[in-house]
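Accompanying notes for the structure given below.
The values are calculated or read from the model by the stated rules, or taken from the named source; none is laboratory data. As the structure is a prediction and not an experimental result, all values here were calculated from the model. As a convention, Cβ positions derive from the backbone with ideal geometry for all residues, glycine included, and neighbour counts pool all protein chains shown. All accessible areas refer to the heavy atoms of the entire protein, side chains included, with ligands and DNA or RNA removed. Shrake-Rupley method; radii C 1.70, N 1.55, O 1.52, S 1.80 Å.
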Amino acid sequence: MIRDVLLQDMPSRAWIATVLQWIRTVAMATLFLALGRVLDNAVAGSDSSAEMILGAAAGAVAVVCSGIAAALPPRLRAAEEQLWRGSGIRAALHRDPAASSAPKPTGARGAALSGAQRGHQSGAPRGGQSGGHGGGSAHSGGHGGGEAELLTGGVERIAEYRAEFLGPALAAFTAPALVLLLMGLIVDPVIAVVLLALVLMVPLLVRFFLARFRGPTAQYRRLAGAATGRFQEVLRSLGGLVLLGAEDTGRRTVAEAAAALRVQAVALLRRSQLMILVNDALFSLVMITATVALALWRFQAGVISEGDLLAVVLLATLLYEPIDKLGRSFYVAMAGRTQQGLFTQTLTTPGAADTHTAGAAAQNSDRDSTETAPTHEPRATGHPLLRLESLAVDRGGSSVLSGITLEIPRGSTLAVVGPSGAGKSTVASLLQGLLPATSGRLLLEGREADPRDLQRAAVTVAQKPFIFSGTVAENLRLARPEASDEELWEALEKARLAAEIAAKQQGLATQVGEDGGALSGGQIRRLAIARALLSHAQLLIFDEPTADLDRRAERLVDESLQALAGKHTLVIIAHRLATTRWADQVLVLDSGRPAALGRPDDLLQQRGYYAEATAGEGEHR
């Protein structure tokens, strides 16, 4: 098994260093045997010129081979890093984002791993053969941070493993055989056979530790990728978390990932130190002690001479030296081979993804949206939730918004429209409490509201909602961590997304991928709507909720918003005016001032921006 791993993973150029190690080992053994003969000749009073010349030549060869072998790994490591990193980038660029987060069947995963082993035999990573679409992620939901970690630190560990561990490891398993062969032929076969039994314990011990450490090492790498991904996501989406009131949840998520990584790192370090301790205890103590005892026993029996005794003791250091290096670099093997496996699973090229389930979900969604037309609930009446009185906003000494006076009753829908630069986003920022008014008053439930009051009362669904890698449930619970599964399904139902999530094999546990890569644009918007509903906010603000969507996705999002009308207070910053026909009132802005305010049907009968822009879209609903 160990031999197969070494031969499959080792690059062809690493064989040069291995051969040099073999030559160095034979040269050092020759030097030690020559020193033994010099001692015997000194005891016998004979000339040792030939032995000294042979020893000097062997020593010179050993020094040259050691120098070349030490200079090769850094060059090989750089070449391996370039090869694997380039391969991973190509595979990531050619991958289908939706497939990257879909769960893989065992057979597909096994095929990918089998293909990876074939790739190792040829010395090239499997991902470099990418010509199709990407595979499943090995990282807890396909974290993009995990992939970034693989392409940076992960590739470095793979290159270190392949360039600096595999060659010396093969030499550690084979060089002692050369030493024992020379010892058995020239000195004493009995000592050689006994030491061979000790040397044969090396692969057994390494195999034992590999089996024990493989799982914990893989778990550590997965946790490292998850922690990196979580931190990047929270940092990237910090503004959105604040708007959702979920900054504490984001902070807790990063802290939990870091704590889990710390625990696993300590456990991994403990195992690595155990390997070094066992290596030192077994081979430095047992082997050297056994060698000296055997040599003294055979010397007292008259089988070997003083020179042979010296040679045996010196040769024992050649048995221990490669084994010692192997033990001290064992962590490199654990980390590198684990990263190589994760790289293969995450960035290799799989077969075509199964789209049957997704197609069925789309058909169900079409059927549901066709058969269930949105019904308009009676609009709530009473005191307005918000009242804006002559609000104005200045920026840099210039007026960007002025003269805004209107009421937003509870349960009503206000659509804010206008050409680019008219001030729509400024109104949204004002209602969210992100932008202070220069003059005028903003009343929340009859009381003058400060920014903190507005931030607590309002939740915004941005044009590009932030979606964390993880599951559907995890993304929904950002708004309310204590929400039950029933409440999650209820929110998805209101957002017209429940049927599509239910059609997926994992349901609420479905991985959404980085930035929602496993979902369509319309599904991302509706997931964000469901999350906003879970927050139980008094005011829901939607910033161009149908922008950049195709007509089918736009219709589904529009229907989900219509289903909320009358039950929630909505403010919709609209780009496509056809989606505002069902609003209670429409505010038309022009150059930061209100150009019109009224019901959609009334505004369509008047000359102005709303009627002209709606007619220009060619939509009459």
If you take the Cα atoms of the range 469-621, find Rg, then find the Kirkwood Rh from the mean of 1/r over all pairs, what is Rg/Rh? 1.02
Net charge dipole size for the range 529-577 [Lys, Arg +1 and Asp, Glu -1 on Cβ; Debye, nearest 20]: 180
Under the 0.36 nm per residue contour assumption, what length would be gained going from the current alpha-carbon distance of Val313 and Glu612 to full extension? 97.8 nm
Pulled fully out, how much extra length does the chain show between Ala547 and Ile68, if you take 0.36 nm times their separation in residues and subtract their Cα-Cα distance? 166.2 nm
For the range 388-509, what does the alpha-carbon gyration tensor say about shape, rounded, prolate or oblate, given a ≥ b ≥ c as the root eigenvalues, a/c under 1.5 as rounded, and a/b over b/c as prolate? prolate
The FRET efficiency for Ile89 and Thr405, from their Cβ-Cβ distance with R0 = 56 Å and rounded to 0.05, is 0.50
Ignoring ligands and nucleic acids, what accessible area does Ile304 show with a 1.4 Å probe (Å², nearest 10)? 10
Kirkwood hydrodynamic radius of the range 474-524, Cα pairs, Å: 11.4
How much accessible area per residue does the range 474-606 have, counting only protein heavy atoms and a probe of 1.4 Å, in square angstrom? 38
With all protein chains modelled, accessible area of His568 [1.4 Å, Å²]: 50
Between Val263 and Leu285, the FRET efficiency computed from the C-beta separation at R0 = 25 Å comes out, to the nearest 0.05, as 0.15
Once you charge only the Cβ atoms, +1 for Lys and Arg and -1 for Asp and Glu, what is the size of the charge dipole of the range 427-537 about its Cα centre, to the nearest 20 debye? 320
Net length gained if the chain between Ala44 and Trp15 were fully extended (0.36 nm per residue, minus Cα distance): 6.1 nm
